[in-house]
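Scroll down for the structure; my scribbles are underneath it.
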Amino acid sequence: MSDQPRLSAQEIVERLGTAVSRRARIRAVTALVAGLSGAALVSLLWLTEPEPLPGRTRLAFALLTAICLAWAGYGGWLLTRKVVLFAADRVVAAWIALSASTATTVLLAVIAAGRGTGLWPVLAVGAVFAAVSLLLLARAHRERARLLRRRAELTT
Amino acid sequence: MTDELLVVRAQLGERGALAELVSRWRLPVWTYVRRMLDAERADDVAQEVWLAVVRGLPRLREPARFAPWLFTIARRSVTDRLRGEYADRPEALAEADALVEDPVEALADRARLLDALAALPPAEREILVLFYLEDLPVADCAQICGVPVGTVKSRLNRARRLLRVHLERTAGDE
């Protein structure tokens with residue numbers, strides 16, 4: 001009967017793997033943001049086509065949108081079930097979300113304006129994404145500031 | 001450095017603080033798990049506990065209450081493995097209640113104590129481990145086990161009596 005733990009503290013931390021891996025965090029945020037932006041871009045191109053599209057082209061647009069949504073789903077699943085975001089990570093992730101929302105909205109607005117259709121829906125959806133990102137950013141900053149204050153109190 | 005400071009630093013994302021927290025609590029967590037489960041499962045379950053702790057750490061609102069929170073998670077993992085045993089607890093507790101005397105604290109032989117602990121039903125074993133081996137206050141034990149303080153006290157009394165009975169019986173056999 002072994003009455004000592006087999007694993008050292010370092011081995012335990014190493015075995016936490018994906019949960020604390022920086023690479024996994026980057027992969028998760030990238031997949032989510034790129035997937036959502038890609039899905040929005042492809043959908044806009046599809047919906048603002050001036051002429052009716054042939055069946056194969058519609059199928060291609062649908063497949064591309066589904067692939068982008070699948071990547072977004074994968075990123076979301078990683079972030080909610082596998083990867084741990086600590087206070088500093090949440091601030092970075094919220095900034096990435098805000099930047100990506102803004103960039104995607106500007107790109108889509110330029111495309112929509114060029115095609116002369118769908119500008120207002122693009123701006124409306126873009127505003128919602130940007131507002132949610134701002135909310136997340138404010139919350140992440142507030143939480144990090146609270147923890148920094150507490151750390152300072154406990155250190156002195 | 002206090003546990004609270006370590007937890008706050010880990011919540012901020014300091015990897016070193018997380019490693020220090022694991023280092024500091026590795027043995028208490030393993031001891032609790034090991035006293036509740038066999039040696040084969042203890043390491044795996046302790047690792048599961050740490051994974052759950054890391055996942056839950058950003059949401060821990062009271063870093064000063066880290067220890068009871070940690071053992072609540074450990075208890076959940078252990079309970080999952082012990083569900084079968086908890087379901088059919090032995091009915092012999094009442095008989096054991098009749099026998100009292102000779103304080104358990106006088107016990108010198110740690111190996112004998114650990115053997116005796118292993119023979120107790122899970123609920124009684126758990127409360128002795130938390131209270132005596134992990135040195136947690138009754139209020140924390142109550143929070144971890146999800147029962148009132150009074151229940152912890154009565155469970156402790158029953159556990160001590162059962163332990164005493166077991167030790168007397170093994171001493172008589174020798």
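For (1) acidic (D, E); (2) more than 15 Å from the chain's Cα centre (by Cα); (3) crowded, with 19+ Cβ neighbours inside 10 Å, each residue gets a yes or a no:
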site: B:V7; (1), (2), (3): no, yes, yes
site: B:G16; (1), (2), (3): no, yes, no
site: B:D44; (1), (2), (3): yes, yes, no
site: B:E48; (1), (2), (3): yes, yes, yes
site: B:V53; (1), (2), (3): no, yes, yes
site: B:S77; (1), (2), (3): no, no, yes
site: B:D80; (1), (2), (3): yes, no, no
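One line per residue, one yes/no per condition, for (1) open to solvent by less than 40 Å² (accessible area, probe 1.4 Å); (2) closer than 30 Å to A:E51 by Cα; (3) polar (S, T, N, Q); (4) touching a Ser or Thr at 6+ places or on another chain (Cβ under 8 Å):
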residue	(1), (2), (3), (4)
A:L98	yes, no, no, yes
A:A112	yes, yes, no, yes
A:W120	no, yes, no, no
A:A131	no, no, no, no
A:A140	yes, no, no, no
For this session: Confirm whether A:L45 is in a helix (DSSP H, G or I) and over 16 Å from the mean Cα position of the chain (by Cα).
Result: yes
Exercise. For the range B:117-149, how many residues are farther than 20 Å from B:R164 by Cα and either touching a His at 6+ places or on another chain (Cβ under 7 Å) or hydroxyl-bearing (S, T, Y) (or both)?
Worked result: 0
For this session: Sort through B:R26, B:R61 and tell me the only one that's assigned to a helix (DSSP H, G or I), modelled with pLDDT of 90 or more, outside the structural domain of B:A139 (by TED's automatic domain parsing) and open to solvent by 50 Å² or more (accessible area, probe 1.4 Å).
Result: B:R26
Problem set entry | Set A:A66, A:A103: member being more than 14 Å from chain B (Cβ to nearest Cβ) and touching a residue at least 60 places away in the same chain (Cβ under 8 Å) | A:A103
Exercise. Which residues, counting only those in the range A:47-84, are open to solvent by less than 30 Å² (accessible area, probe 1.4 Å) and at pLDDT 90 or above?
Worked result: A:T65, A:C68, A:A72, A:G75, A:G76, A:L78, A:V83, A:V84
For this session: For A:V20, state whether it is β-branched (V, I, T), under 27 Å from the mean Cα position of the chain (by Cα) and either farther than 30 Å from B:R41 by Cα or open to solvent by 30 Å² or more (accessible area, probe 1.4 Å) (or both).
Result: no
For this session: Count, please, the residues in the range B:119-171 that happen to be assigned to a loop (DSSP other than H, G, I, E, B) and either in the same structural domain as B:L37 (by TED's automatic domain parsing) or not hydrophobic (A, V, I, L, M, F, W, C) (or both).
Result: 6
Problem set entry | Qualifying positions in the range A:62-117 - assigned to a helix (DSSP H, G or I), closer than 21 Å to B:L51 by Cα and of a type in the set (A, V, I, L, M) | A:L78, A:L79, A:A87, A:A88
For this session: Take the range B:19-54 and flag every residue that is over 30 Å from B:E124 (Cβ atoms) and facing chain A (nearest Cβ under 7 Å).
Result: B:A19, B:S23, B:V54
Problem set entry | Residue list for the range A:14-37, filter: of a type outside the set (A, V, I, L, M, F, W, C) and within 14 Å of chain B (Cβ to nearest Cβ) | A:E14, A:R15, A:G17, A:T18, A:S21, A:R22, A:R23, A:R25
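The values are calculated or read from the model by the stated rules, or taken from the named source; none is laboratory data. Predicted model only: the values in this text are computed from it and were never measured. Positions of Cβ are generated from backbone atoms using ideal geometry, with glycine treated the same way; all protein chains shown enter the neighbour counts. The accessibility values were calculated without ligands, DNA or RNA, using every heavy atom of the protein model including side chains. Shrake-Rupley method; radii C 1.70, N 1.55, O 1.52, S 1.80 Å.
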